[in-house]
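The values are calculated or read from the model by the stated rules, or taken from the named source; none is laboratory data. The shown structure was predicted, so the numbers you read here are calculated from the model rather than taken from an experiment. Glycine also receives a Cβ, built like all others from the backbone with ideal geometry; neighbour counts cover every protein chain displayed.
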Amino acid sequence: MLDRLAFIITDGILLGLIYAIAGLGLSLVLGIMGIVNVAHSAFIMLGSFFAFELFRRLGLDPIISFFLAMPVFFLLGTIVYRALLTRIERVSQSQGLVAMFGLMVLIENLSTIAWTTDTRVITAAYTNASLVLGSLYIAQVKLIAGALALVLTLLFWAFLRFTLIGRAIRAMGQNRDAALSVGIDVRRLSAVVFGLGIACAGAAGVALAMVFPFSPNTQIQWLAWAFLVVILGGLGSVANTLIAGLIIGLLQSLSTAFLPFDYVYLVLYVLLAVILVLRREGLTLVVKRAI
Amino acid sequence: MLSLFFLPSSDNGSTRLRRLLVWLALSIALIVYGVVGRQLFLLSTLSTVFLYVVLTQAWNILGGYGGYLNFGMVTFFGVGAYTSAVLFQYFELSPFLTAPVAGLASAVLGVLIGIPTLRIRGAYFALVTMIITFAVQTLVLDMPVTQGALGVYLQPVRLSPLGVEQLFYFLFLGCAVAVTALVYAIEHSNFGWALIAIREDEDAAEIVGVRTVEVKWIANAVAAFIAGVVGGLYAQRIMYIEPSGTFAFDISLNVVLMAVVGGAGTWQGPLIGAPLVLLVADMLRVTVTSEVNRAIFSVIVILIALFIPGGVMGVWTRWRRRHKPKTVEAPS
Amino acid sequence: MNAVSSAPILKIANVVAGYTAGHPVLRGVNLIAQPGHITGVLGPNGAGKSTLLRAIAGFLQPSSGRIVLGDEDIAALPPHRHMERRIALLPQGRSTFPELTVAENIELGGWTMRGDRARLRQAVEAMFARYPHLRALRDRPAGSLSGGQQRAVEIARLVIGDPKVLLIDEPSVGLSPIVAAQVYRELEALKAEGRTILLVDQDVRAAIKIADYAYVLSSGRNDIEGDRSAFEGDLGVMVRRWLGV
């Protein structure tokens, strides 16, 4: 029984790390720019297919793709920002939201054209291997994905905390006018922030693809998960996002173990509703705080 | 159809009456077609248009006037459909009788969902309503009473194929007219103004005494009721429902799209948006694959959202405003 | 801080600006801020004083008129390009980055020298030397400080970039009289270093005490102006009566 519990908790923590990075980019873009990137999960899915293609065509290990995805998706993010987001920032919030949903559907369908709706998996050398610790079996692939997620989270945390540009990004989220006053080009930095958010989505997509099957038309469930992480963690900090991810991961592994499979989602949705009720006016205030 | 909108106009009562008469004439024409029309395909397509008009109008109340974009309209629709279907399955009650019950079930759900979600604003509301769709869909898949992925079968209506099409044609047309009249009434009522005040500046609305939470709840519950009723009728129309199709996110997206294309926050918007979107969708469907079709569609959505604020109705009002001063303004 | 000898002249000519089209807040403002002087802009609530500073700082683009710094028209310059031209705004109320530490706040004030990190570090230390009471607070989040302390952080964040023209909006609002007096002393110190200060203030008495020249703004126009002696004499009585002070 104790073994089983240890397994469940390890599994939950590893999943939680992955969920945390799924929400990290969303939280960053929302916290700093005030934009709900509805297309976030579409970029996660693109990250999964990025790893899929590199693996299929070049035999590239997803671990390498994980680090490759960051610069590639950063670039993609800045391009999308310049092409679309600069316009979205100028129209009303509801129009902007509709446009973002449009972007999500566009990416989903372009991906369906490219890859069909078939469910894919990436089978690397270590996909079915397990690490044995005494009587505890841990799937190696989850361990690797979890470790990568932790690395990414730490990178983000350190970047926002210790670099001048990271501090400028936080400053921009806390007081946009004051940031402009000291000479920060907020528009240019927004492109960087969005790029980082998408880079994070892409990398998260790679990590998710190592563990879960994926297809273009199931991406939207990751939006729900990422959003759950953001709601639970608030926009307070990278650390809170990590904790929120871990809580959700643990909840999932616990309820998977003790409840019929699909009820996992219900547990999480109820959690979502409870947080929303508890936070009351909450979120609008939370938005103003920064990462 | 479009020529209807290019009437010379100003704001005086007689032209407004004239414009209303145009809509009335259109309704009469549709009624006449329902009686004399013999093409099953056209009747069926038109009743789908009416169905979407109803859903889009229902969405319009809170989404268009109130500015709360519900990206989970299909939740209410699906719950309505399942309520009627389950009532038929276990009690053999005809959905024609239970449609109001389906509406009530959806309205109750709307109120329950509203408690946590209507406190949050803007984009959060949109996302949460979308997530709730998945939650309800999962629930329907898991609950024994709904028979999970197997779905529920309903009994065919004992009428000729033409009779069936005509029946639903008139049912949905009637709903569309009734709901449009309701939205028209809301637009010209204090309730409508309260919603618009919430859209423009919720804090300010609250300060001047608008009971924002109640207004949003009512708007949401009414929308849920309407969607539930047509959901129940829809279940009878297609005679078989299952979770993935009945709760398809596409339906939610279509509703928002139609409102945005036609002009959210106007009673005419859904009347223009629903047929326009379905028409374009049908034209695309015969020329390209469904993925390409939807990709093109999403590009259209992005372009309209970014470049044509207010949709068709927005263009129309701007055009009118540009042409009005010549007749109204007296030379100084 | 090294003395600033070459502060440029700031000229505002016929500036019309507002937030909604057709309803300008500023309806033709003309003024000159002489180098090395404190120029006061006085006036009742809603006269457009803050709007004027926001327009000069680039947050609001004038619909007509000219804002000339030295020999460059900066009316259309975006706000983040002002610091590199050594003109900076201290806005009304709290404007720190509340969740960044005091040191980080001040460091970001030197954003324009980010290319030279050693120099930036030195500049931050110079600020702690100049405002020693901030040193003990350097790792505290700025938002956790008292109003007076936050004002000090804001001034340090402003001064680190070595601006030659300072746009100061209501520097003493919300502060205790003692702290307010310190703030005005600091403004005089900044002037002594040769910096130009354009001071918007509702506290007419305090402003006139330190201003070399003052303009009175009302309903988006400046009708009355004069040097300190004028405001101390009859003109001052008139203005004070008119403003209800």
Check on A:GLY183, of a type in the set (Gly, Ala, Ser), assigned to a loop (DSSP other than H, G, I, E, B) and without any contact (Cβ under 8 Å) to a residue 60 or more places away in the chain: yes
Close pairs from segment C:208-225: first at positive phi, partner part of a loop (DSSP other than H, G, I, E, B) and aliphatic (A, V, I, L, M), Cβ under 9 Å, at least 6 apart: C:SER219/C:ALA47; C:GLY220/C:VAL25; C:GLY220/C:ALA47
Residue match in segment C:47-60 (condition: within 14 Å of the chain's Cα centre (by Cα), away from every other protein chain (no Cβ under 14 Å), more than 22 Å from C:THR112 (Cβ to Cβ) and part of a loop (DSSP other than H, G, I, E, B)): no
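Of everything in segment B:133-148, what is within 20 Å of A:PHE101 (Cα to Cα) and facing another protein chain (nearest Cβ under 7 Å)? Give them in sequence order. Can you show your working first?
So the first thing to find is which residues in segment B:133-148 are within 20 Å of A:PHE101 (Cα to Cα), and the list is B:133-135.
Result: B:PHE134, B:ALA135.
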Selection within segment B:244-264 - at the interface with chain A (Cβ under 10 Å from one of its Cβ atoms) and surrounded by fewer than 24 Cβ atoms within 10 Å (Cβ to Cβ): B:PHE249, B:ASP250, B:LEU253
Strands (runs of 3 or more DSSP E) within segment C:192-245 that include 1 or more residues among the aromatic types (Phe, Trp, Tyr) and at pLDDT 85 or above: C:213-218
Evaluation of A:GLY31 against (1) in a helix (DSSP H, G or I); (2) surrounded by fewer than 24 Cβ atoms within 10 Å (Cβ to Cβ) (one fails), failing number: (2)
Test set (1) away from chain A (no Cβ under 12 Å); (2) of a type in the set (A, V, I, L, M); (3) touching a residue at least 60 places away in the same chain (Cβ under 8 Å) - B:MET283 fails condition number: (3)
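Every residue in segment C:103-161 that is acidic (Asp, Glu) and over 21 Å from the mean Cα position of the chain (by Cα), please. If you could, list the steps in order and put the result at the bottom.
In the first step, residues of segment C:103-161 are kept if they are acidic (Asp, Glu); the result is C:104, C:107, C:116, C:125, C:139, C:154.
C:GLU104, C:ASP116, C:GLU125, C:ASP139, listed by residue number.
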Segment C:122-150, subset in contact (Cβ under 8 Å) with a residue 12 or more places away in the chain and charged (D, E, K, R), residue farthest from A:ALA178 (Cα to Cα): C:ARG130
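Filter segment A:76-95 down to the residues that are of a type outside the set (A, V, I, L, M, F, W, C) and within 21 Å of the chain's Cα centre (by Cα) and list them by number. Reasoning before the result, please.
Residues of segment A:76-95 that are of a type outside the set (A, V, I, L, M, F, W, C), as a first pass: A:77-78, A:81-82, A:86-87, A:89-90, A:92-95.
A:GLY77, A:THR78, A:TYR81 - these are the residues of segment A:76-95 that are of a type outside the set (A, V, I, L, M, F, W, C) and within 21 Å of the chain's Cα centre (by Cα).
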Residues (in a loop (DSSP other than H, G, I, E, B) and among the charged types (D, E, K, R)) located in segment C:152-169: C:ASP162, C:LYS164
Enumeration of residues in segment A:110-128 that are within 14 Å of chain B (Cβ to nearest Cβ) and either closer than 22 Å to A:PRO62 by Cβ or touching a residue at least 60 places away in the same chain (Cβ under 8 Å) (or both): A:SER111, A:THR112, A:ALA114, A:TRP115, A:THR116, A:THR117, A:ASP118
So A:VAL270, is it modelled with pLDDT of 70 or more, more than 8 Å from every other protein chain (Cβ to nearest Cβ), in a helix (DSSP H, G or I) and surrounded by fewer than 16 Cβ atoms within 10 Å (Cβ to Cβ): yes
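Is it true that some residue in segment A:145-166 is in a helix (DSSP H, G or I), hydrophobic (A, V, I, L, M, F, W, C) and within 9 Å of chain C (Cβ to nearest Cβ)?
Among the residues of segment A:145-166, at least one is in a helix (DSSP H, G or I), hydrophobic (A, V, I, L, M, F, W, C) and within 9 Å of chain C (Cβ to nearest Cβ), which makes the answer yes.
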Residue in segment B:232-241 that is closer than 26 Å to B:ARG119 by Cα, touching a helix residue (DSSP H, G or I) at 6+ places or on another chain (Cβ under 9 Å) and touching a residue at least 24 places away in the same chain (Cβ under 8 Å) present: no
Residue ID - modelled with the lowest pLDDT, chosen from residues in segment A:216-240 that are surrounded by 19 or more Cβ atoms within 10 Å (Cβ to Cβ) and among the small types (Gly, Ala, Ser): A:GLY234
Contacts under 9 angstrom Cβ, first residue in segment A:205-231 being within 15 Å of A:THR241 (Cβ to Cβ) and touching a residue at least 24 places away in the same chain (Cβ under 8 Å), partner part of a helix (DSSP H, G or I) and among the charged types (D, E, K, R), 6 or more apart: A:ILE231/A:ARG279
So B:ALA107, is it away from chain A (no Cβ under 14 Å), under 27 Å from B:HIS188 (Cα atoms) and of a type in the set (Gly, Ala, Ser): yes
Where C:ASN14 falls short, out of the listed (1) exposed (fewer than 14 other Cβ atoms within 10 Å of the Cβ); (2) more than 22 Å from C:ASN222 (Cβ to Cβ); (3) of a type outside the set (Ser, Thr, Tyr): (2)
Residue within segment A:93-108 that is surrounded by fewer than 20 Cβ atoms within 10 Å (Cβ to Cβ) and farther than 27 Å from B:SER290 by Cα present: yes
Search result, residues across segment A:179-188 that are surrounded by fewer than 23 Cβ atoms within 10 Å (Cβ to Cβ) and either of a type in the set (Ser, Thr, Tyr) or within 8 Å of chain C (Cβ to nearest Cβ) (or both): A:ASP185, A:VAL186
Residue among B:THR75, B:THR83 that is of a type in the set (S, T, N, Q), in a helix (DSSP H, G or I), in contact with a helix residue (DSSP H, G or I) (Cβ under 7 Å, 6 or more places away or on another chain) and closer than 20 Å to B:PHE249 by Cβ: B:THR75
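Let me confirm something: among B:ALA223, B:ALA123, B:ALA176, B:ALA194, which residue is more than 14 Å from chain A (Cβ to nearest Cβ), surrounded by 20 or more Cβ atoms within 10 Å (Cβ to Cβ) and under 30 Å from A:GLN221 (Cα atoms)? Explain how you work it out, then say what you get.
Working: B:ALA123 fails: more than 14 Å from chain A (Cβ to nearest Cβ); B:ALA176 fails: under 30 Å from A:GLN221 (Cα atoms); B:ALA194 fails: under 30 Å from A:GLN221 (Cα atoms).
Being more than 14 Å from chain A (Cβ to nearest Cβ), surrounded by 20 or more Cβ atoms within 10 Å (Cβ to Cβ) and under 30 Å from A:GLN221 (Cα atoms) holds for just one of B:ALA223, B:ALA123, B:ALA176, B:ALA194, which is B:ALA223.
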Matching residues, segment B:296-318, being buried (at least 18 other Cβ atoms within 10 Å of the Cβ) and not hydrophobic (A, V, I, L, M, F, W, C): B:SER298, B:GLY310, B:GLY311, B:GLY314
